[in-house]
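Every read-out reported here was derived from the displayed coordinates using simple, explicitly stated rules and does not represent laboratory data. Quick caveat: nothing in here was measured; it's all calculated off a predicted structure. Using ideal geometry, Cβ is built from the backbone for each residue, glycine included, and neighbour counts are taken over all protein chains shown.
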Amino acid sequence: MKSFLVSCAIILSVFQSTYAGNYAGNNILIVLVANKNSQQFKEFKDAWQLDMKYENAYRGIKISVDDNTGRVKKIALAGENMPASGVKFTPCSAQLPFGILLTDDMAALEHKLGDGEKIPGKNSTRFFQHSIAVDVTFTATGKISFLEFYMISATAPIGDNKAGKTSEKSSRGVPAFKKAILDVFAASKQSGFYSIKSESRKDANFWNYKYTYNTKLKIPGEKYNMLYSFPFVNSELDFVVVLKEADVYDQSFEQTYHAIEKQLMEYFPKSEGWTGACLPNNNKAKLSNLEIRNDDYGSVILDYSKNPKGRHVLLLRFLLYS
């Protein structure tokens, strides 16, 4: 009997180590937009001991999967009295994302997550951490009932948003250009770009890449953007934004360059961990390559190039950090 108890303790210790070390804290969010059949999600499912509904009431977690795409669309973590159909969820005891504690009040949440937005018709507040939304729902006594995490690009904006109209700012007051760039980094980190991959492209491209794909993202000021695999069809996906492309270099290249340069410098400041630097341009062009870098994300580079056939291109390319 003693041996059995010791064995159980060892197994529990190993599980808790894996559970806490690999898939707790911010790592809980690593499976957002991951496919339910991916190896990563299978490991996550095993670590959290999720059932066939992708939930574990005892550990206070519930995963929502899109029936059409098979990808994770939302992660819910239980607090006090999380509502569920016939199931009682125990408050999640694991380390929570972004340093959140179930004992946090609104002041503590705003200190950790910034200003929130009250969700109309609910006792809930929405916060944003780059491209991830955090919905916090409270009980009548002001305790955290549950937390929901999901990618912003998959949600509708709060409040009035008339069809057919676009704005320079997103619904949460972040410039649309900045949000779009952060969405690129998020799509890379969360799914290797598969969450934004669309149909194969038919149009030619500056580099004559063979395996190219349209995306679900739109970058303000772009001519087009695309994903590509190079040199093979199964090579990792990369993302590029073409701002301007032509057979003749003219003043409009400089105008576009400076317009994008201004937004990069304004929206990605040093106070948020970004640094800017000019990079050597082997084309001996008037336009320097501008790199905006953050060690938590990677780099976005405003790049001018000319190919051997004499075609000119101004683009945004990304160096992505894991």
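You can think of it this way: the chain between Lys270 and Lys88 has 60.9 nm of extra reach, that is 0.36 nm per residue less the Cα-Cα gap. All other residues whose Cβ lies under 14 angstrom from that of Glu80 are scored, Lys and Arg at +1 and Asp and Glu at -1, for a net of 0.
What FRET efficiency comes out for the pair Thr141/Lys218, r = Cβ-Cβ distance, R0 = 56 Å, nearest 0.05? Using R0 = 56 Å, I get an efficiency of 0.85. Taking other residues whose beta carbon is less than 9 angstrom from the beta carbon of Phe193, and scoring Lys, Arg as +1 and Asp, Glu as -1, yields -1. The string of couplings for segment 132-141 from the Karplus curve (6.51, -1.76, 1.60, θ = phi - 60°) is 10, 8, 10, 9, 10, 9, 10, 7, 5, 8 Hz, one whole number per residue in order, with x for Gly and Pro. Compared with the alpha-carbon gap, the fully stretched path from Ser64 to Asn123 is longer by 19.1 nm at 0.36 nm per residue.
In the structure shown, the pairs Lys178/Lys309; Lys88/Lys112; Lys53/Lys216; Lys118/Lys244; Lys202/Lys262; Lys62/Lys112 are assessed against 30 Å; a Cα-Cα span above that value is assigned to Lys178/Lys309; Lys118/Lys244; Lys202/Lys262.
Here Ser252 and Lys202 are evaluated by their C-beta separation; at R0 = 22 Å the FRET efficiency comes out at 0.25. Stretching Thr103 away from Lys42 to a fully extended chain increases their span by 18.9 nm, per 0.36 nm per residue minus the current alpha-carbon distance.
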